[in-house]
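Written below as structure tokens is the structure these notes are about.
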Amino acid sequence: MGIKSHAQTAENLNLNKIVQPPYNCYGRLADGCPNAEKLGWKVGIQFYSFHKYTFFEGIDLTRALGLHYIEATIGARICPESKQGIYAGMPKEWKERIKQKLAASGVKCESIYYWMNGSGEGFEDIVKFCKEMGWMIVTDPRRADKGGKPVSYYEDILNEYGVKMAFTNHPKAASYWNPDFTVEDTQSYGPCIGASEDIGHYMRGGFDTYEIAKRYIEIGKMYHFHMRDVSERGPHGLDVPCGTGKGRLSEIFQALNDNQVKPLMMLEYEHDFDNPMPYLIQSVNYINNICGSIIKANEEKAQLGDSIRLNANTAQISKDMNLQGNGEQATIHAWNKPEQIISWSTNLAPGNYQVLIRYAQPYEGSAMTLDADGQELATLFKPTFTWYDYKTTEVGIIKIPKGGKVTISLHGIQKGIKRDKNGKLKASEVFPDVHYLTLIPTSMQATSQPIDILNHFKGTRIFNGKNFEGWEGNDGENSLAHFRIEKHSIVGGVMDKDLKHNQFIRTTRPYKNFELRLRYKVKSTDENYNGGVQFRSTPCTIPGRLFEMIGYQADIISWKRGALYDEQRRWDFLGLQLGTLANYKANEWNDYIIRCEGPRIRIWLNGIKTTDYIEPYTDNPFEGIGTISQDGYIALQIHEGKAAELWYKDIEIEELK
């Protein structure tokens, strides 16, 4: 059975059909550009394509195209219920609403087109605004020879705040209508100053857009595109779906790939504002397909030359593991404990490598990490038919920053699921058998992370230590009555009264991808205590059980340390116990870190990684439950039972892209 696709073919759609605003979108219209993202290219929508709608509606339409990026436009109306526009002096509450809408939609905004006249008036305020929002400025101010500020004026302020600015082009009356001007005003300046290429305006000005892209690449300033295709070069050219015009787009993409340039690419369509979606659907599909062709060509080129195969018989393995077979046909067996390690040492040049593994295991849900040169990949294994049927699959793209003699290590983090003799699902006892690894040099964007990822935390407090602002009782006042604030901590439970039901206090908004940090301690009347931190969780709606939360829990329980439990859903612990803690004392302050990225969940307790779990059921349904949501509220629990107190404080979060 083939992979289900949401993409629509647009060849037979009427590009002239008028659809009056508001444009109602009820589902996916295209599958986005995952191949472009593999190459490191961020493809999205310039909001001007949707300027008959509001910015929030534009975010929804961008998501419907399967894209993950949108570019803001100065003055854009934010949402239907308000006339508030986007500009540097906008109220803080609206900045936060934009950030929340983007986070909830899974769409990122990394740039804004911001018109400015070149006088320099208010420029520092614009830069501060873009710094706060995380946006690059795309603009075309009046040049110095026409009475505007010199580029050095902009550069000094941009460097002070660490914001980038790209000069873009418009028709001949505008400042940067000629690419010579852009080269002149960017090539001798630092990394905060770059170039943007608007394909449409350059083509209608008679320019060859491929040659312009090459020039910007050569001087290291190809930061940004307003991407489109045009029917012909010259003043009468009209915007057409990408790949159907004369813009030489495939050659531009190949040049970007060959030079490993990673620009923002914002699709902009200026021909039929009443009905832009058919054009955009076809353009998105074209870009994804052309990028897929580039990836395939890169892989074929690499396989002909520099691929490295690391066979099982050359690996270092733990003493309680063994090899079966001889020479290059040997395979590694008895991999069944998280403390066991499979490793190879080899010479690698710095760069990115596609990692493939050949293995066998007939159970779904097992997972491993691979680390090398300070970087780490994590992957789920798809089941093979039997233990004798080996398959090859991609682990990911790992970055090798230093190179030289590199040790590559595999660590089992999660065992697969099988059925027992009664037909019930339970964890298997082993990880896969391994035949070999293959490393292929690639220009694709790395998917690995630094092993020291915790050192990169940039959190904000979500509990102010004074009141319950940002928090609410899961069952309203009934739940809130079981929590209080004492010594800048949230305290659940009391020492003189047993608790009849679980109780939770939760955030007032959901979170999806994040790193959460907090401290906790336990006071209990005996050695048995129970609590936890819920995340990606939802309130129970069953009458009589409205006090419960459903979802993942980083457990705080007397007989486990840093475990992941599935509260009110699978009713079971997930993953394996990875680390051991010496001198753990529940009645003293303990540090908890929970990091969620896509299907991967990691937990650290007092600096020790105790859980590394990859959810197998985000797309495929778990038996009797369905797919497992990766979004939801954060909540603090006090568990039913003997009188006890759970203290929580220093609660910080960083939302992850």
TODO: Could you tally the net charge around Thr209, taking each other residue with its Cβ under 11 Å from the Cβ of Thr209, Lys/Arg +1 and Asp/Glu -1?
DONE: +1
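Solvent-accessible area per residue for segment 466-508 at a 1.4 Å probe radius, Å²?
Spelled out: the 1.4 Å probe surface of segment 466-508, per residue, equals 57 Å².
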- [ ] Enter the angle in degrees (range 0 to 90, nearest 10) between the Cα long axis of helix 151-161 and the first principal axis of the Cα atoms of the chain, meaning the one along which they spread out most.
- [x] 10 degrees
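Excluding Pro350 itself, what net charge comes from residues whose Cβ is under 14 Å from its Cβ, given Lys and Arg +1 and Asp and Glu -1?
On the way: positive: Lys399, Lys402, Lys405; negative: Asp306, Asp373.
Here the charged neighbours net out to +1.
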- [ ] Could you list which residues have their amide H under 5 Å from that of Leu656, counting only those 5 or more apart in sequence or on another chain, with H placed in the peptide plane?
- [x] Asn513, Phe514, Glu515
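Is segment 490-605 rounded, prolate or oblate when judged by the Cα gyration tensor, a ≥ b ≥ c being the square roots of its eigenvalues, rounded requiring a/c under 1.5 and prolate requiring a/b larger than b/c?
Oblate, since a/c reaches 1.5 and b/c is not below a/b.
Per 0.36 nm of contour for each residue apart, how much would the distance between Ser231 and Asp156 grow if the chain were fully extended, relative to their Cα-Cα spacing?
Values: separation 75, 0.36 × 75 = 27.00 nm, distance 4.05 nm.
Taking Ser231 through Asp156 to full extension adds about 22.9 nm, to one decimal.
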Open item on the list: Sorting check: for 113-124, 45-56, 611-622, which peptide has the highest mean count of neighbouring beta carbons within 10 Å, and how do the rest follow?
Closed with: 45-56, 611-622, 113-124
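Going through the cross-link list Lys319/Lys609; Lys99/Lys458; Lys296/Lys382, which pairs have a Cα-Cα distance over 19 Å in this structure?
Working: Lys319/Lys609 24 Å; Lys99/Lys458 16 Å; Lys296/Lys382 22 Å.
Table pairs above 19 Å Cα-Cα are Lys319/Lys609; Lys296/Lys382.
What is the extension gain from Glu93 to His488, computed as 0.36 nm multiplied by their sequence separation minus the C-alpha to C-alpha distance, in nm to one decimal? List each step's numbers first, then the result.
Numbers: separation 395, 0.36 × 395 = 142.20 nm, distance 2.59 nm.
Additional length available on full extension: 139.6 nm.
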- [ ] Could you look at the chain and say what percent of its accessible area is carbon and sulfur, using a 1.4 Å probe and all protein chains?
- [x] 47 percent
Task: Mean separation of Cα contacts under 8 Å (6+ apart) over length of segment 30-81, as relative contact order % - done: 44 percent
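Please state the shape class of the chain: rounded when a/c is under 1.5, otherwise prolate if a/b exceeds b/c and oblate if not, all from the C-alpha gyration tensor. Working shown, then result.
Numbers: a/c = 1.94, a/b = 1.35, b/c = 1.44.
Note, shape of the chain comes out oblate.
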TODO: Report the net charge of residues surrounding Ser537, where surrounding means a beta-carbon distance below 15 angstrom and charges are Lys +1, Arg +1, Asp -1, Glu -1.
DONE: -1
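Using unit Cβ charges (K, R positive; D, E negative) and no other charged atoms, how large, in debye to the nearest 20, is the dipole of segment 378-489 about its Cα centre? Numbers along the way, then the final one.
Details: 16 positive and 11 negative charges, 69 e Å.
With Lys and Arg at +1 and Asp and Glu at -1, about 340 debye.
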Open item on the list: Cβ neighbours within 10 Å, averaged per peptide: list 153-159, 343-349 in order, most packed at the top.
Closed with: 153-159, 343-349
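Provide the packing ranking of 59-69, 541-551, 241-251, i.e. peptides ordered by the mean count of other C-beta atoms within 10 Å per residue, highest first. All intermediate terms of the calculation are to be shown ahead of the outcome.
On the way: 59-69: 22.5, 541-551: 16.0, 241-251: 19.3.
Descending packing order for the listed peptides: 59-69, 241-251, 541-551.
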Task: Under Karplus coefficients 6.51, -1.76 and 1.60, residue-wise ³J(HN,Hα) of segment 199-216 in Hz, glycine/proline x - done: 4, x, 5, 5, 5, 5, x, x, 8, 8, 5, 5, 5, 5, 4, 4, 4, 5
Task: Amide H contacts under 5 Å for Phe463, placed H, 5+ residues apart - done: Ile651
Task: Whole-angstrom gap from segment 64-90 to segment 512-560, using each part's C-alpha centre - done: 37 Å
TODO: Give the angle, between 0 and 90 degrees and rounded to the nearest 10, that separates the Cα long axis of helix 123-133 from the longest principal axis of the Cα atoms of the chain.
DONE: 30 degrees
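For segment 553-612, report the accessible area per residue in Å² (1.4 Å probe, heavy atoms, rounded to an integer). Before the final figure, lay out each step's value.
Values: 2410 Å² over 60 residues.
Here the per-residue accessible area is 40 Å².
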TODO: Pick out, from Val395, Phe504, Gly85, the residue whose Cα sits farthest towards the positive end of the charge dipole of the chain, with +1 on the Cβ of Lys and Arg and -1 on the Cβ of Asp and Glu.
DONE: Phe504
- [ ] Compute the FRET efficiency between Lys319 and Asp631 as 1/(1 + (r/R0)^6), taking r as their Cβ-Cβ distance and R0 = 41 Å, and round to the nearest 0.05.
- [x] 0.40
TODO: Could you tell me how many degrees, from 0 to 90 and to the nearest 10, lie between the Cα long axis of helix 92-105 and the main elongation axis, the longest principal axis, of the Cα atoms of the chain?
DONE: 70 degrees
TODO: Specify the inter-centroid distance of segment 232-274 and segment 621-653, based on alpha-carbon positions, in whole Å.
DONE: 47 Å
Task: Simple label model, 7 Å out from Cα along Cβ direction - Glu364 to Asn117, nm - done: 6.3 nm
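Would you work out if segment 364-502 is rounded, prolate or oblate? Take a ≥ b ≥ c from the square roots of the eigenvalues of the alpha-carbon gyration tensor; rounded if a/c is under 1.5, else prolate when a/b is larger than b/c, oblate otherwise.
Numbers: a/c = 3.66, a/b = 1.63, b/c = 2.25.
The shape class here is oblate.
Roughly how big is segment 423-546's charge dipole about its Cα centre, with Cβ charges of +1 (Lys, Arg) and -1 (Asp, Glu), in debye to the nearest 20? Mind showing how you got there, number by number?
Working: 18 positive and 13 negative charges, 67 e Å.
Its charge dipole is roughly 320 debye.
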Task: Dipole axis of the chain (+1 Lys, Arg; -1 Asp, Glu on Cβ), positive-most option in Asn298, Val107, Gln329 - done: Gln329
TODO: Let me know the charge dipole size of segment 501-550 about its Cα centre in debye, to the nearest 20, where only the beta-carbon of Lys, Arg (+1) and Asp, Glu (-1) is charged.
DONE: 320 debye
Task: Positive-pole candidate from Asn117, Thr73, Met222, dipole of segment 72-225, charges at beta carbon - done: Thr73
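Could you work out [θ]222 nm for the chain from helices alone, using -39500 (n - 2.57) per DSSP H run of at least four and dividing by all its residues? Round to the nearest 500 deg cm²/dmol. If you can, show how the numbers build up before the last one.
Numbers: 11 runs with 117 residues, N = 657.
One gets -5500 deg cm²/dmol as the mean residue ellipticity at 222 nm.
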TODO: Could you run the Karplus curve 6.51 cos²θ - 1.76 cosθ + 1.60 with θ = phi - 60° over segment 516-524 and give me ³J(HN,Hα) per residue in whole Hz, x for Gly and Pro?
DONE: 10, 10, 7, 10, 9, 8, 10, 10, 9
Open item on the list: Going by Cα centres, segment 344-407 and segment 429-501 are how many Å apart?
Closed with: 28 Å
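At R0 = 45 Å, how high is the FRET efficiency between Asp258 and Asn620 if r is their beta carbon distance? Nearest 0.05 is fine. Present the calculation step by step, with values, prior to reporting the outcome.
Working: r = 38 Å, r/R0 = 0.85.
Efficiency computed from Cβ-Cβ geometry: 0.75.
Note the full-extension length gain between Ile451 and Ala144 as 0.36 nm times their separation in residues minus their Cα-Cα distance, in nm to one decimal.
Details: separation 307, 0.36 × 307 = 110.52 nm, distance 4.71 nm.
Full extension of this stretch gives 105.8 nm more.
The values are calculated or read from the model by the stated rules, or taken from the named source; none is laboratory data. Predicted model only: the values in this text are computed from it and were never measured. Note: ideal-geometry Cβ built from the backbone for every residue, glycine included; neighbour counts use all protein chains shown. In case anyone asks, the SASA skips ligands and DNA or RNA and just uses the protein heavy atoms, side chains included. Shrake-Rupley method; radii C 1.70, N 1.55, O 1.52, S 1.80 Å.
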